[in-house]
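The values are calculated or read from the model by the stated rules, or taken from the named source; none is laboratory data. What you see is a predicted model; the values in this text were computed from it and never measured. Every residue, glycine as well, gets a Cβ built from its backbone with ideal geometry; the counts of neighbours run over all protein chains shown.
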Amino acid sequence: MSGRGRLEIGDFSLDPDVDKTPFQQIANLDAELGNRVDLALELCCFHLGSIVYSNDAGTYPSRANFGSSSLTGGSFAYNAVEMVNVTKLNLYCIFTLGLAIAGCSTNKAEPAAKAAAPAAPVSVAQAVSKTVPLEIQAVGNVEAFSTVTVKAQIGGELTQVNFEEGADVKKGDRLFVIDPRPYESQVTQAEANLAKDRAQLQAAQANLARDTAQETYARAQSRRYAELAQQGVLSKDSAEQTNAQATALQEAVRADNAAIESARANIAADQAALDRANLQLEYCAIVSPIDGRTGHLFVKQGNVIKPNDVDLVTINQLRPIYVSFAIPETDLPTIKSHMAHGKVSVAAYSQSDDTPLETGALTFVENTVDSATGTIRLKALSRIRA
């Protein structure tokens with residue numbers, strides 16, 4: 001409530017209209033009565049209040065008109081009291097807060113509001129008949145489609161390494177270089193031997209042509225001498241001599257033919273030696289035989305290696321790639337029946353994600369069952385990105 005009023009105790013009063021503050025007026029009242037007056041002030045707006053006084057004879061409630069007075073730092077409500085002469089006076093101010101009552105009413109209503117929570121929604125769908133895939137889950141491993149171990153086919157110093165460990169390489173990319181100088185000299189030597197034998201072949205062919213011409217002339221002269229000897233013009237000895245010369249030239253032609261065959265054989269041998277030397281020179285540059293990814297480099301640059309001695313690097317082909325897994329042998333008839341009607345799809349998942357990495361097709365079923373585990377091994381061909 002709001003308003004202004006005064007507090008009267010006998011001949012004394014607290015008047016809000018005077019210049020003194022209520023605290024100063026109470027102090028004057030205490031001095032006049034010779035008693036200690038305790039006044040409890042609540043610095044807020046109050047709803048209800050009453051004043052009780054007591055003396056030696058007992059405690060009496062007051063009759064008062066309700067009012068309010070303004071104090072420094074707050075406000076309070078009080079009842080004016082008329083009282084008789086007293087010896088000792090204890091003044092108590094008891095106030096009940098209206099706001100507290102309203103607050104209690106609000107708190108009691110909260111549990112009821114919480115109890116009336118909205119109902120959870122329920123979805124309804126129509127049941128339908130559909131064909132769903134039959135899935136068999138298994139833990140598998142990824143295997144390289146092919147694995148190649150690179151070795152040197154010739155010996156020598158490893159002068160170059162043209163890739164980084166773990167790098168992807170293409171078929172035909174150069175990986176290593178072995179010192180080619182010794183093999184280049186072998187190629188030069190083989191080429192020289194080939195040229196020499198070709199020259200000898202040409203010489204043998206020339207000798208054959210010469211001896212063939214001489215043998216033809218000698219054979220014709222021998223026939224004429226034989227006819228003249230029969231006629232008695234020439235001696236028999238002269239005829240036999242020309243016949244012997246023709247026969248010797250005939251054997252020379254045969255020797256020339258043999259020399260030509262030998263020269264041709266030498267040329268073929270020289271050509272093979274040259275091809276071998278060129279091949280060894282080609283082996284000086286080691287290239288990748290497949291598309292794949294390189295592994296650890298076992299031999300560093302500068303080392304001297306031997307033919308087929310140590311592994312240089314291993315290359316794994318990762319596109320496409322195999323996914324290998326094992327299933328219980330009891331599921332094998334189901335898989336066989338589906339394979340008879342077409343390809344069996346295989347989806348590969350990672351351990352941390354439910355999204356399939358790639359989908360492939362079943363390509364291999366092992367022909368034996370592992371007796372220790374009761375499982376059978378299968379492979380699927382996929383194109384998982386490595």
Subject >> Residue identified as farther than 30 Å from residue 158 by Cβ, more than 20 Å from the chain's Cα centre (by Cα) and modelled with pLDDT under 90 among 340, 348, 269 >> reply: 340
Original post:
Looking at 236, 151, 170, which one is more than 30 Å from residue 349 (Cα to Cα) and at pLDDT 85 or above?
Top reply: 151
**OP:** Scan the strands (runs of 3 or more DSSP E) fully inside segment 281-380 and keep the ones with 1 or more residues being closer than 30 Å to residue 191 by Cα.
**Re:** 285-287
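The rows are residues; the columns are (1) in contact (Cβ under 8 Å) with a residue 24 or more places away in the chain; (2) aliphatic (A, V, I, L, M); (3) more than 16 Å from residue 303 (Cα to Cα); (4) part of a strand (DSSP E or B).
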{"position": "124", "(1), (2), (3), (4)": "no, yes, yes, no"}
{"position": "127", "(1), (2), (3), (4)": "no, yes, yes, no"}
{"position": "147", "(1), (2), (3), (4)": "yes, no, yes, yes"}
{"position": "157", "(1), (2), (3), (4)": "yes, no, no, yes"}
{"position": "163", "(1), (2), (3), (4)": "yes, no, yes, no"}
Original post:
Out of all the residues in segment 300-329, which are surrounded by fewer than 18 Cβ atoms within 10 Å (Cβ to Cβ), under 30 Å from the mean Cα position of the chain (by Cα) and under 12 Å from residue 175 (Cβ atoms)?
Top reply: 314
Subject >> Members of segment 343-386 found to be loosely packed, with under 10 Cβ neighbours inside 10 Å and within 27 Å of residue 146 (Cβ to Cβ), listed by number >> reply: 351, 367, 368, 385
Subject >> Failed criterion for residue 244 (all others in (1) modelled with pLDDT of 90 or more; (2) exposed (fewer than 14 other Cβ atoms within 10 Å of the Cβ) hold) >> reply: (1)
Subject >> Tally of residues being at pLDDT 80 or above and either surrounded by 18 or more Cβ atoms within 10 Å (Cβ to Cβ) or among the β-branched types (Val, Ile, Thr) (or both) across segment 207-233 >> reply: 6
Original post:
If you take the residues in segment 281-296 that are of a type outside the set (Ser, Thr, Tyr) and surrounded by 18 or more Cβ atoms within 10 Å (Cβ to Cβ), which one is nearest to residue 364 (Cα to Cα)?
Top reply: 292
